Amino acid sequence: MTIITDPLFYALAIPAVVALGLSKGGFAGVGQMATPLLALVMPPLEAAAIMLPIMIVQDMNAVWVYRRDWDGRILAIMIPGALIGIAAAGWLASYISDAAVRVFIGVTTIVFVVYSFTVMMRVPRPASASSVPAGIFWGALSGFTSTICQAGGPPYQMYVLSQKLPKMLFVGTTAVFFASLNAMKVVPYFALGQFSTKGLGTSLALIPLALATNQLGFWLVRRVSQELFYKITLILMLVISIELTREGVLQVWH
């Protein structure tokens, strides 16, 4: 089985996989930088397809670790919405250019970074009830953005963070939701022809690193204060997303 051999690809893929591993281990949101990184050097949907098998393996690991910590009501509301979003994205993806996807990824990530910093600075508010229509809406948006550019985290967090779940319950619910979402995305990615022998071989080569950083995430999330870690990650994401947006806009104009 062949794999990608470009050194620049691995210079970006290794930190992307590390970010995914930490994210699946419990540092929700860190993995948001993975696809934008790879989209700097390859078509965004191809980058997302290479990441997907890695994410599914990590999901299986995370679901096992957090199998007792999840909120069934949130999942029952959001997963049907996610299915709607995935179907819509699978249909739309065949009609939009790589440049447009780059702009979409960049802008989505910038919005996520701004939102995250806003949440950090905001005065804490009491938990809100889990509205069913809101959950379906945010679930659909999460499924859509995750399918287009592996950026389903922001919409998911917009809904779930407002409910002030205990830390481990939030981590476990996140693990189960995205495991379900990523499994459903196999169908549209396959239909769009995004899986290739070389891409799957590259995914397989990166899985050992992914599992190692997954375990690191499980260990760190129970021991490390996340605030500084998140701030550094968000700054890196902002720089990457600005560059990705710039590239996409230039390609659209030309």
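Before moving on, here are some points about what is shown:
- The residues on offer are Arg125, Arg102, and the sole one that is among the basic types (Lys, Arg), part of a helix (DSSP H, G or I) and at pLDDT below 75 is Arg102.
- Residue tally, condition of a type in the set (S, T, N, Q), in contact with a helix residue (DSSP H, G or I) (Cβ under 8 Å, 6 or more places away or on another chain) and either surrounded by fewer than 23 Cβ atoms within 10 Å (Cβ to Cβ) or farther than 30 Å from Val103 by Cβ (or both), over segment 158-177: 2
- Conditions (1) under 16 Å from the mean Cα position of the chain (by Cα); (2) closer than 25 Å to Leu92 by Cβ; number of the one not met by Val176: (2)
- Residues in segment 154-184 that are closer than 14 Å to Phe144 by Cα and at pLDDT below 80: Pro154 only.
- Residue satisfying condition, being part of a helix (DSSP H, G or I) and modelled with pLDDT of 90 or more, within set Leu37, Leu75, Leu45: Leu75
- Listed by first and then second residue, the pairs linking a residue in segment 149-172 that is free of Cβ contacts under 8 Å to residues at least 24 places away in the same chain and under 16 Å from Val119 (Cα atoms) to a residue that is aromatic (Phe, Trp, Tyr) and part of a helix (DSSP H, G or I), with Cβ atoms under 6 Å apart and 6 or more places separating them unless they lie on different chains, are Pro155/Trp138.
- Exactly one residue among Ala191, Ala183, Ala140 is surrounded by fewer than 21 Cβ atoms within 10 Å (Cβ to Cβ), closer than 22 Å to Ala87 by Cβ and within 15 Å of the chain's Cα centre (by Cα), and that residue is Ala183.
- Residues (touching a residue at least 24 places away in the same chain (Cβ under 8 Å), over 15 Å from Tyr189 (Cα atoms), small (Gly, Ala, Ser) and surrounded by fewer than 17 Cβ atoms within 10 Å (Cβ to Cβ)) located in segment 75-122: Ser97, Ala100
- Test: Ile50 is of a type in the set (A, V, I, L, M) and not in a helix (DSSP H, G or I): no
- Residue that is touching a residue at least 40 places away in the same chain (Cβ under 8 Å) and not basic (Lys, Arg), where the choices are Leu8, Leu12, Leu20, Leu38: Leu20
The values are calculated or read from the model by the stated rules, or taken from the named source; none is laboratory data. Keep in mind that this is a model prediction, so the values were computed, not measured. Glycine also receives a Cβ, built like all others from the backbone with ideal geometry; neighbour counts cover every protein chain displayed.
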